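The values are calculated or read from the model by the stated rules, or taken from the named source; none is laboratory data. What you see is a predicted model; the values in this text were computed from it and never measured. Note that each Cβ is placed from the backbone with ideal geometry, even for glycine, and that neighbours are counted across all protein chains shown.
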Amino acid sequence: MYSAAHTTRPRRIAPSKEIPTYFGRPLHRLTVDEYHKMIDAGAFPPDAKCELIHGWILDKRAAESATRPPRTSDPSKLIPTAFGQPLLRIAVRDYHKMIDAGAIQPDARCELLFGWIIDIMPPNPPHSTTSYQIVRNLVPLFPEPDYFLGIADAITLSVSEPMPDFFAAVGPKENYKDRHPSPGDVLLVVEISDTTIRSDRGAKLPLYASEGIPQYWILDVKARRIEVYAQPRRGKKPGYRKKTIYSKDEEVPVNIGGKKLGKVAVSQLLP
């Protein structure tokens, strides 16, 4: 006979194995040594009150506040938690201090989105193939010295430092010897979405729109289509006024800054 007394209780995950996420992507974990380097570099807000628990920096000041983290889909207001406590948001300037101090290792693959350090997972074969196709078929449409191009490299925004799979910025390349491209430089951003479609649409789309990035492409690997967003709208609900979807049998016009650079077939970019 079935008895409620014999039902299996949900298995509890050990605290050290709990991984906070942001739009389904894991946040970056720090070692104690990296945390100390962060402290020595002064990579904290002046009024910060925090502690490191199992690799996550908990914001004790926010936890002591009577205000709970809002339940929202707005990526700029969403606050990840660990063990029921809000995490500490990192400013771009403090993120740079962490990098300079070695609090983020040179071989670490991560990016800063709205103050949260997000791990970038190793690419799977479809992602790698698409990246190769970008280099082969999209990059040649952007001549030097007019454009500066980046493959899985950083751009510095007001509250974020993402590493898009591809970007095109105003050239020449000499402009960026001592800095990453900023919003006023970037003309096009492309993200390869195989396992990251949720964050690419839910977090990065409003991020790029809020910074005034003129064009944003999402290469949807699973659906074999390209989403092209143009005419950014800033404000409380940032987004793009124009969205065009190109299927596997169509060509995408590459019109950047009022210049027609050519066309690229969807089949030339997606595996």
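If the condition is being touching a residue at least 60 places away in the same chain (Cβ under 8 Å), farther than 20 Å from Leu205 by Cα and either outside any helix (DSSP H, G or I) or touching a Ser or Thr at 6+ places or on another chain (Cβ under 7 Å) (or both), then region 92-115 contributes Gly102, Ala103, Ile104, Gln105, Ala108. Residues in region 210-245 that are over 18 Å from the mean Cα position of the chain (by Cα), surrounded by fewer than 19 Cβ atoms within 10 Å (Cβ to Cβ) and either among the acidic types (Asp, Glu) or assigned to a strand (DSSP E or B) (or both): Arg225, Ala230, Gln231, Arg233, Arg241, Lys242, Lys243, Thr244, Ile245.
Every condition in (1) touching a residue at least 12 places away in the same chain (Cβ under 8 Å); (2) in a helix (DSSP H, G or I); (3) out of contact with any Asp or Glu (no Cβ under 6 Å at 6 or more places or on another chain) holds for Asp200 except the one numbered (3). On the stretch given as region 82-91, residues that are touching a residue at least 40 places away in the same chain (Cβ under 8 Å) and surrounded by fewer than 17 Cβ atoms within 10 Å (Cβ to Cβ) total 2. Figure legend. Inter-residue proximity from region 246-262: first residues more than 14 Å from Asn137 (Cβ to Cβ), second residues among the hydroxyl-bearing types (Ser, Thr, Tyr), beta-carbon distance below 7 Å, spacing 6+ or different chains. Indicated pairs: Lys248/Ser267. Here Asp185, Asp194 are screened, and the one residue that is more than 16 Å from Glu111 (Cβ to Cβ) and at pLDDT below 95 is Asp194.
To keep it simple, each residue is scored yes or no on (1) in the same structural domain as Ala209 (by TED's automatic domain parsing); (2) surrounded by 17 or more Cβ atoms within 10 Å (Cβ to Cβ); (3) in contact with a Lys or Arg (Cβ under 6 Å, 6 or more places away or on another chain); (4) under 30 Å from Val264 (Cα atoms).
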position: Pro26; (1), (2), (3), (4): no, no, no, no
position: Leu52; (1), (2), (3), (4): no, yes, no, no
position: Gly55; (1), (2), (3), (4): no, yes, yes, no
position: Thr130; (1), (2), (3), (4): yes, yes, no, yes
position: Arg136; (1), (2), (3), (4): yes, no, no, yes
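Just one of the listed residues (Pro206, Pro253, Pro183, Pro238) is more than 16 Å from Phe166 (Cβ to Cβ) and in contact with a helix residue (DSSP H, G or I) (Cβ under 6 Å, 6 or more places away or on another chain), and it is Pro238.
Pairing each residue of region 38-51 that is touching a residue at least 12 places away in the same chain (Cβ under 8 Å) with any residue that is among the β-branched types (Val, Ile, Thr) and assigned to a helix (DSSP H, G or I), provided the two are 6+ apart or on different chains, yields no C-beta distance under 6 Å. For region 116-170, the set of residues classified as within 24 Å of Lys260 (Cβ to Cβ), part of a loop (DSSP other than H, G, I, E, B) and among the charged types (D, E, K, R) consists of Glu144, Asp146, Asp165, listed by residue number.
How about region 1-35: which of its residues are of a type in the set (A, V, I, L, M), assigned to a loop (DSSP other than H, G, I, E, B) and at pLDDT below 70?
Within region 1-35, Met1, Ile13, Ala14 meet the criteria.
Checking the stated criteria, Thr195 turns out to be assigned to a loop (DSSP other than H, G, I, E, B), more than 11 Å from the chain's Cα centre (by Cα) and not small (Gly, Ala, Ser). Restrict the check to region 166-179 and report whether at least one residue is within 20 Å of Ala91 (Cα to Cα) and surrounded by 14 or more Cβ atoms within 10 Å (Cβ to Cβ). No, region 166-179 contains no residue that is within 20 Å of Ala91 (Cα to Cα) and surrounded by 14 or more Cβ atoms within 10 Å (Cβ to Cβ).
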